[in-house]
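Since every read-out is calculated from the coordinates, none of them should be taken as a lab result. Note that this is a predicted model, so its numbers are computed, not measured. All Cβ positions, even for glycine, are placed from backbone atoms using ideal geometry, and neighbour counts span all protein chains on display.
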Amino acid sequence: MGSVATLLFLVLLPASRILAWGEHGHRTIGYLSQMYFTTEAENLFNKLVQPNDDFDISDGAVWADSFATQSKMPWSKPWHYIDAKDEPPEKCKVNFNADCDSAKNCIVGAIANLTKQVNNPRLEPKEQSAALKFLLHFLGDITQPLHTEQKCRGGTRLMVQWGKPGSREEDLHQVWDKLIIQKLRSYKKPSGGDPDNEYDKKLSLEWAQELKRKLDRDGFDLSEECTDITKAQKCALAWASEANGFVCSYVLKGVGTNTGPDPCEECCEWDWQGPEDLSKEYYEGAVPIVEEQVAKAGWRLGQWINALAEQRVQMERAGVVFGEEVLQVQPREEM
């Protein structure tokens, strides 16, 4: 994985492939997760992430994207997704052995490995910190359906129309990453910009509070949720499989075989044959899926960090000593 050829390949991956739910979605997931933190979880987060007035949990939740898009850690890009080699819209299935390479270099393998790193006393605190911040992000990524699909590079090469005729075409991945959420939350970037992300954070916190109220009313079924950190790969695979199921049941129901020129390596093998304007009926059908997946991501993340915090408490009671100093540096390449 550390070869020059591999690194060059990863650098050249389309940037949009690594973005899920956009900043607004990931910040919401971060805020929502914190609403479920135990005291021990809050202590663990504060110790490893060291939040301040300029960096809160929502910043931690977008940290992995901000670094990856700047290509400072190109080897981490495949950790954002898993390429299910299935046949949507007829058949959807995630197979870890077939869809994740031998180095476990996909989001399922990453979540499993990073979960082990957070409380690994042999690692420096700065590495544990990076592992936790990656988890803040990846437990969100894995709920975005197109982050569990190989076809058309996760939809990044499937062009669709968003808006009235004549509107600029968008790729389907972008629709699910950003556009549905932006329309749902009436998102409009301030004219003067948002250099401190205050607008993003305000809207994200409001959405997190709304989703928390829905979760408190049993608005989403959490009865079968997997949150056992000792079985991290199993849980991550279950989450990926659930998200992948939406690829067949809704996300890619509107595709058909590309009838254009002969397929090429950079082309999508499909044409979009569903609703012409995805910002209307398709959007309405997508909203419940997006809300459920974002809500579940926030709830799972809260439970995951609670479990990591409890694990650390038990280890410390048993005499395990963890380091104290945390510096912001790149994590080790262990995938």
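Assigning unit charges at the beta carbon (Lys, Arg +1; Asp, Glu -1) and nothing else, what dipole magnitude in debye, to the nearest 20, does the chain show about its Cα centre?
Details: 38 positive and 52 negative charges, 59 e Å.
So the magnitude is around 280 debye.
Grab the beta carbon distance between VAL287 and ARG317, set R0 = 41 Å, and tell me the FRET efficiency rounded to 0.05. Write down the numbers at each step before the final one.
Details: r = 46 Å, r/R0 = 1.11.
It comes out at approximately 0.35.
With viscosity set to 1.306 mPa s and temperature to 10 °C, compute the Stokes-Einstein D of the stretch 102-178, Rh being the Kirkwood radius across alpha carbon pairs; µm²/s, no decimals.
109 µm²/s
Can you give the angle from 0 to 90° between the axis of helix 22-34 and the longest principal axis of the chain, with both taken from C-alpha atoms, to the nearest 10?
Helix 22-34 sits at roughly 40 degrees to that axis.
Under 8 Å for C-alpha pairs, at least 6 residues apart: give me the relative contact order for the chain, rounded to a whole percent.
30 percent
Taking 0.36 nm per residue of sequence separation and subtracting the Cα-Cα distance, how much length would be gained by fully extending the chain between SER249 and ASP101, in nm to one decimal?
Net length gain for the segment: 50.6 nm.
For a quick protection proxy, order the peptides 159-166, 37-44 by their average other-Cβ count within 10 Å, most packed first.
37-44, 159-166
With a 10 Å cut-off between alpha carbons and a GNM built on the chain, which of PRO121, PRO89, PRO190 moves the most?
Evaluated over the chain, the most mobile residue of the options is PRO190.
Could you work out how much longer the chain between MET159 and ARG185 gets when fully extended? Use 0.36 nm per residue separation minus the Cα distance between them, nm to one decimal.
So the extension gain works out to 7.0 nm.
Helix 198-216: angle to the longest alpha-carbon principal axis of the chain, degrees 0 to 90, nearest 10?
Around 90 degrees separate the two axes.
Enumerate by residue number the trypsin sites (Lys or Arg not before Pro) in the stretch 51-141 meeting two conditions: DSSP loop (anything except H, G, I, E, B), and at most 13 other Cβ atoms within 10 Å of the site's Cβ.
Those that pass, being in a loop and sparsely packed, are LYS72, LYS85, ARG122.
Anyone know which of VAL321, VAL290, VAL247 comes out most mobile in the 10 Å Cα GNM of the chain?
Maximum among the listed residues: VAL321.
Please build a GNM for the chain, connecting alpha carbons under 10 Å apart, and tell me which residue among GLY254, GLY22, GLY154 fluctuates the most.
Checking each option, the largest mean-square fluctuation is seen for GLY254.
What residue among ALA240, LEU215, PRO195 has its Cα farthest toward the positive end of the dipole of the stretch 191-248, where the charges are +1 on Lys, Arg and -1 on Asp, Glu, each on the Cβ?
Looking along the dipole axis, the top candidate is ALA240.
What whole-number distance in Å separates the alpha-carbon centres of the stretch 266-315 and the stretch 186-233?
Comparing the Cα centres of the stretch 266-315 and the stretch 186-233, I get a distance of 10 Å.
On a 0 to 90° scale, report how tilted helix 232-246 is relative to the longest principal axis of the chain, with both axes built from alpha carbons and the result rounded to the nearest 10.
Long axis of 232-246 versus the principal axis of the chain: about 20 degrees.
Rounded to the nearest 0.05, what FRET efficiency is calculated for ASN197 and LYS234 with R0 set to 41 Å and r the Cβ-Cβ distance?
The computed FRET efficiency comes out at 0.70.
Please identify every one of the GluC sites (Glu not before Pro) in the stretch 85-165 that sits in a loop by DSSP and has no more than 16 other beta carbons within 10 Å of its own beta carbon.
Within the stretch 85-165, the qualifying GluC sites (Glu not before Pro) (loop, at most 16 other Cβ atoms within 10 Å) are GLU90.
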